[in-house]
Amino acid sequence: YHPSFCPRNLTKVVKHRWKIHKFGGSSLADAACFRRVGNLLLGYSDVCLGVVVSAMGGMTDALINLAVLAERDDRRYSDELDAIGERYSTTARSLLGGANLVTLLDEWGRDADDIRNVLQAIALVKSAPQRSRDVVAGYGEIWSARLLAAFLQSESPERGGTRIDTRKIITVRQTELGPSVLWDESQARFNENVPDDLTGIAVVTGFIASDEDDLQTTLGRNGSDFSAAIFAALSGASELTIWSDVDGVMSADPRQVPEAQVIDRLTYSEAMELAYFGANVLHPQTLGPAVDNEIPVVIRNSHNAGHPGSRIGATAEQVENIKGITAIGGMAPVSYTHLTLPT
Ligand code: ADP
Ligand code: ASP
Ligand code: MG
């Protein structure tokens, strides 16, 4: 990681006015999850909360699969899109009622028409350009943000209801090494689009952004953590909390090692190392903007909010032993001593 990616103190905004919370798909799997997250947020009395949301768990995979089916001219994409709509509307019906629900479902219907048109075009040419894939893949975050904002507004009209679309703010250049944030542009767009005196809970789309041509792009799979860190930097936030389905960063992947323990405190570089080498509780690029702007990052469990989680900052207690072990699957070591190299 190179620190010049994100110049320090780039915000004109009042420092430490915002606190940012990010909820991944594992925290937004169904109506009960949305309700839990909404109530958790309403329990905070901070003046200004930015809440970055991912798509509902599995939603991005389902959306990407639509484009894959369309590319093969497999018209089952239509049934799959209906199934996505069924899941979303069932969730929405348990959370909202009246005009709010009608508006939300109407918006979904218009999006579904647009998605169907994109899929038809893909099916005709049997090829899905990256831009079409990005547009389809990004709907999950738009739908989560609309639903959570509507739920918060119905529960607390004074605090809830604001939405921020990151396509109007986060601008990136796509490079071979992944998206690189255009900080000056993004900051100017943040300053232009987000009022200085905003209060309450603003729901922010994760994962999606704009490219240099102002067309929709994404920050890559699992990229909502990175969206949250970028938004934290742009807003001059005092803290970033990433909520997931584990109690914090653990000494190993708990799916592989059930005995894994939560690590209470980590330095930025320790956490970065774990993230780069396979601990997918944190997207590897997330900590860059946090380091540069000295924003502490906390990893917590939305299903077990009583647990304090893991705190990542500039310092942590020194320990003699190893804090964590990670693994990247699907790899095999190749020893060159066994290879016959061409002369
Ligand atoms: P979200 O949908 O909230 O973004 P992810 O599925 O992306 O959540 O990340 C959380 C998952 O990361 C956990 O359920 C866990 O299985 C996995 N994971 C892998 N390595 C670690 C680790 N070292 N510590 C914690 N979780 C880990
Ligand atoms: N929804 C996106 C994905 O599944 C981004 C994220 O969840 O972080 O990759
Ligand atoms: Mg994730």
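The values are calculated or read from the model by the stated rules, or taken from the named source; none is laboratory data. This structure is a prediction, so every number in the text was calculated from the model and none was measured. All Cβ positions, even for glycine, are placed from backbone atoms using ideal geometry, and neighbour counts span all protein chains on display. When the accessible area is computed, the model is the full protein with side chains, heavy atoms only, and any ligands, DNA or RNA have been set aside. Shrake-Rupley method; radii C 1.70, N 1.55, O 1.52, S 1.80 Å.
Packing here is the average count of other Cβ atoms within 10 Å per residue, and on that basis the peptides 324-335, 142-153, 212-223, highest first, run 142-153, 212-223, 324-335. The slack between residue 173 and residue 127, meaning 0.36 nm per residue of separation minus the straight C-alpha distance, is 14.2 nm.
For the range 112-120, putting each phi into the Karplus relation 6.51 cos²θ - 1.76 cosθ + 1.60 with θ = phi - 60° gives couplings of 4, 4, 4, 4, 4, 5, 4, 5, 4 Hz, in residue order, rounded to whole numbers and with x for Gly and Pro. The radius of gyration of the Cα set in the range 230-290, together with its Dmax, comes out at 12.3, 38 angstrom. As a fraction of the 1.4 Å probe accessible area of the range 224-264, surface on carbon and sulfur atoms comes out at 44 percent. Surface listing: 283, 303, 16 arranged by accessible area from highest to lowest gives 16, 303, 283, probe 1.4 Å.
Translational diffusion coefficient of the chain at 4 °C, 1.567 mPa s, Stokes-Einstein with Kirkwood Rh over Cα pairs, in µm²/s as a whole number.
62
Each 10 Å bin from zero holds the following percent of Cα-Cα pairs in the range 38-136: 14, 38, 29, 15, 5, 0.
Each 5 Å bin, from zero up to the one with the longest distance, holds this percent of the alpha carbon pairs of the range 181-235: 4, 16, 28, 29, 15, 6, 1.
Think of it as helices only: each DSSP H run of n ≥ 4 in the chain is worth -39500 (n - 2.57), and spread over all residues that comes to -12500 deg cm²/dmol at 222 nm. With all protein chains kept in place, the per residue accessible area of the range 1-126 amounts to 48 square angstrom at a probe of 1.4 angstrom.
Stretched out straight at 0.36 nm per residue, the stretch from residue 276 to residue 155 would grow longer than its current Cα-Cα span by 39.7 nm.
Spin-label model, residue 214/residue 340: points 7 Å from Cα along the beta carbon direction are separated by 6.1 nm.
Remark: the residue 74-residue 322 segment gains 84.3 nm on full extension, using 0.36 nm per residue and subtracting the alpha carbon distance.
In whole Å, how far is the Cα centre of the range 127-157 from that of the range 164-217? About 15 Å separates the Cα centre of the range 127-157 from the one of the range 164-217.
Each Lys or Arg adds one and each Asp or Glu takes one away; over the other residues whose Cβ falls under 12 Å from the Cβ of residue 310, this sums to +1.
Charge tally around residue 30: other residues with Cβ under 15 Å, Lys/Arg +1 each, Asp/Glu -1 each, net +2.
In loop segments of the range 266-343 as defined by DSSP, the GluC sites (Glu not before Pro) with at most 15 further C-beta atoms inside 10 Å of their C-beta are 294, 317, 320.
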